Amino acid sequence: DNHRAVSCGNSSRLMSGICGQFNLDRAPVAEADLHAMTTMLEKHGPDAARHWQSGPVGLGHTLLATTPELLYEQQPFMHRETGCVITADVRLDNRDELLESLNMAARREMTGDAELILCAYLAWGERCLDRLLGDFAFALWDPREQRLFCARDHFGLRPFHYHFAAGQRFVFASDARAILVLPQVPYQIREG
C-alpha cells in the first residue's frame, strides 16, 4: 500500500509538539500547511511556536518549556556550518556524557537537548541513536544528503505519527490530528 498513516505512541503526555513535511515530488511546502499543523499542536507546546521551511521540506515546533536548557534553544534548530535542521520533543538523561563526548561541556548551560542530538548525528551519523538515553522523537533534515532522518526513543515514550504517500510526501507530527488537518492526507489511520 503506497498510502499509509501510522500511529505510534501515546499523545496524552506532557511534551512539546513536532511536525513537518517532506514533499518527495520536490514541490515547495506551503507555509499555510505548517501553520495549520502547529496550530493543532498548541496544546502540547503553549510557550512558543516556530517554523522552518526550505523548498520541499518544512519543520515545525511548539514548545513546552520543561527544562532550563529549553529556554535557550529555539526550534527548529539549525546548525550553521552544515545547514542541518532539527525539530525534537526530547528529554535526554545522559546530557553530561554527551556533552563530554562531543567536547561541548563548556556550553553545558546554553545547549539544548535538540542541539545535542543534532551534534551527535554530525559526529556519529545514524549510530547516534545508540548513544541517546531518554525520551525523544525527532526529525532532522540533512541538506547535504537531501535526507530526512526521523527517530524516536527505544521504548516509544514520545509519540511519532506519520503519513507516507510514495513519490508524493512524508508528513509527521507528535499528534495524529496535526497530520490529518492537511487536505492531501486521507483520513485513515492504520494502527498496525
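The values are calculated or read from the model by the stated rules, or taken from the named source; none is laboratory data. As the structure is a computational prediction, the values presented were derived from the model and not from experiment. We place every Cβ from the backbone using ideal geometry, glycine too, and count neighbours over all the protein chains shown. Surface areas here come from the heavy atoms of the whole protein model, side chains and all, with no ligands, DNA or RNA. Shrake-Rupley method; radii C 1.70, N 1.55, O 1.52, S 1.80 Å.
Residues in the stretch 95-107 that are open to solvent by less than 70 Å² (accessible area, probe 1.4 Å) and within 20 Å of Gln75 (Cβ to Cβ): 5 in all. Only one of the numbered conditions (1) of a type in the set (Val, Ile, Thr); (2) at pLDDT 95 or above; (3) closer than 22 Å to Leu132 by Cα is violated by Thr67, and that is (2). On inspection, Val181 qualifies as more than 13 Å from the chain's Cα centre (by Cα), surrounded by 16 or more Cβ atoms within 10 Å (Cβ to Cβ) and among the aliphatic types (A, V, I, L, M).
What residue, among those in the stretch 53-63 that are under 20 Å from Asn23 (Cβ atoms) and either at pLDDT below 90 or surrounded by fewer than 20 Cβ atoms within 10 Å (Cβ to Cβ) (or both), is farthest from the chain's Cα centre (by Cα)? Per the stated criteria, the residue is Gly55.
Residue by residue, here is whether (1) modelled with pLDDT of 95 or more; (2) under 17 Å from Cys128 (Cβ atoms) holds:
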{"position": "Ala139", "(1), (2)": "yes, yes"}
{"position": "Gly156", "(1), (2)": "no, no"}
{"position": "Gln168", "(1), (2)": "yes, no"}
{"position": "Ala173", "(1), (2)": "yes, no"}
{"position": "Ala176", "(1), (2)": "no, no"}
{"position": "Pro183", "(1), (2)": "no, no"}
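Got a sec? Which of Ala114, Ala88, Ala137, Ala120 is part of a helix (DSSP H, G or I), open to solvent by less than 30 Å² (accessible area, probe 1.4 Å), touching a Phe, Trp or Tyr at 6+ places or on another chain (Cβ under 6 Å) and among the aliphatic types (A, V, I, L, M)? Testing whether each residue is part of a helix (DSSP H, G or I), open to solvent by less than 30 Å² (accessible area, probe 1.4 Å), touching a Phe, Trp or Tyr at 6+ places or on another chain (Cβ under 6 Å) and among the aliphatic types (A, V, I, L, M) leaves just Ala114.
Give the residue that is surrounded by the fewest Cβ atoms within 10 Å (Cβ to Cβ), with candidates limited to residues of the stretch 36-50 that are outside any loop (DSSP other than H, G, I, E, B) and in contact with a strand residue (DSSP E or B) (Cβ under 7 Å, 6 or more places away or on another chain).
Step by step, filter the stretch 36-50, then rank; the result is Ala48.
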